Amino acid sequence: MKPNFTPVQQQAVAHRSGVLMVQAAAGSGKTTVLSERCASLIADGPAPADVSELLVMTFTREAAGQMRGGIARALRSSAVGQAADRRLWQQAALVDQAQICTFDSFCAWLVRSCFAQSGQDPGFCIMDAVESRLLFRDCFRRTLRTWLLRNDADAIAFADIFDHYANSSISDMEQLLKPLESAMINLPDPEAWAQAALQGSGGMAQAIAYYFPQ
C-alpha cells in the first residue's frame, strides 16, 4: 500500500524537471518521500529508469540502509497487481546492487573503478573512527609541540592560552579543541575558514579567545 502523501510531498515525488531540494524536520517523512521518488523514477513515465542508473548518497550507513529498504518496498508496492509485468519485481530484486551508499563509500568505489586514471592503488582502505582518532591525536600533538617551540607573537599568545585554559597539559588542550575540530571538519573549506580567522584584527589570540572565552 502506498503512503498517503500531502500535496507538497506528492509534488516532491513527481518532480522531474531541474534541481529539487527537500527540506523538512526530523521524523517528517523525508526518507519515505525520497524512496517513493526513486521508485517513481523507475516505475513511472514513458521512459522509466533502471535501478542501476540510480545514485543515492547519504551521510550514514544507517540512512543508506533505510533508503535501500524504502525503495525496494515502494517498488514492490507499485508491482502489486502487475504480476504480468515482471519488470518492477525484477527491479525490486536488484535494489541491493544499486548505488545507494554513503558519500565516502561512493568516492571509494569511484577511485577503485578508475584507479588507472587516478593513479591510486585500488587496494586502499578507508580509515575507521578509531584510526581517524589516533591520526588526529598524533597530528595534534606534533603541531602543538611545534607551536610551543616557536618564539613569535602568535606563538606566545597561544602559549598563554595553553597555560591558562589547559594548565599546560597536552591532553587537556586536546579535549578543549575537540569541539573546534568537530566543527571545522564539517565546513566546506576548513583551511580557508582558519586563514580568515587568523587574518582578523586580533590574529591567533582573538581566534582562540573567541572559542574559549573566560
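Among the residues of segment 139-191, write down those that are part of a loop (DSSP other than H, G, I, E, B), out of contact with any helix residue (DSSP H, G or I) (no Cβ under 7 Å at 6 or more places or on another chain) and not small (G, A, S).
Those that are part of a loop (DSSP other than H, G, I, E, B), out of contact with any helix residue (DSSP H, G or I) (no Cβ under 7 Å at 6 or more places or on another chain) and not small (G, A, S): R150, N151, D152, N167, I185, N186, P188, D189.
Which members of segment 141-178 meet the condition of being surrounded by 13 or more Cβ atoms within 10 Å (Cβ to Cβ), over 23 Å from Q199 (Cα atoms) and small (G, A, S)?
A166, S169, listed by residue number.
Matching residues to (1) surrounded by 12 or more Cβ atoms within 10 Å (Cβ to Cβ); (2) small (G, A, S); (3) in contact with a His (Cβ under 9 Å, 6 or more places away or on another chain):
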| position | (1), (2), (3) |
| --- | --- |
| N4 | no, no, no |
| A14 | yes, yes, no |
| A25 | no, yes, no |
| R37 | yes, no, yes |
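Provide a single number: the residues in segment 97-126 that are surrounded by fewer than 11 Cβ atoms within 10 Å (Cβ to Cβ) and closer than 23 Å to L34 by Cα.
1
Rundown of residues vs (1) modelled with pLDDT of 85 or more; (2) farther than 30 Å from L75 by Cβ, yes/no style:
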| position | (1), (2) |
| --- | --- |
| W89 | yes, no |
| D96 | yes, no |
| C101 | yes, no |
| F106 | yes, no |
| S113 | yes, no |
| P122 | yes, yes |
| A129 | no, yes |
| R150 | yes, yes |
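Going by what's in this entry, would S17 be described as under 18 Å from R76 (Cβ atoms) and of a type in the set (S, T, N, Q)?
Spelling it out, it is not the case that S17 is under 18 Å from R76 (Cβ atoms) and of a type in the set (S, T, N, Q).
Evaluate the following for A108: is it farther than 30 Å from L55 by Cα and either within 22 Å of the chain's Cα centre (by Cα) or not in a loop (DSSP other than H, G, I, E, B) (or both)?
Criteria not met by A108.
The values are calculated or read from the model by the stated rules, or taken from the named source; none is laboratory data. Everything numeric here is computed off the predicted structure, so don't read it as measured data. Reconstructed Cβ throughout: ideal geometry from the backbone, glycine too, with neighbour counts over all protein chains shown.
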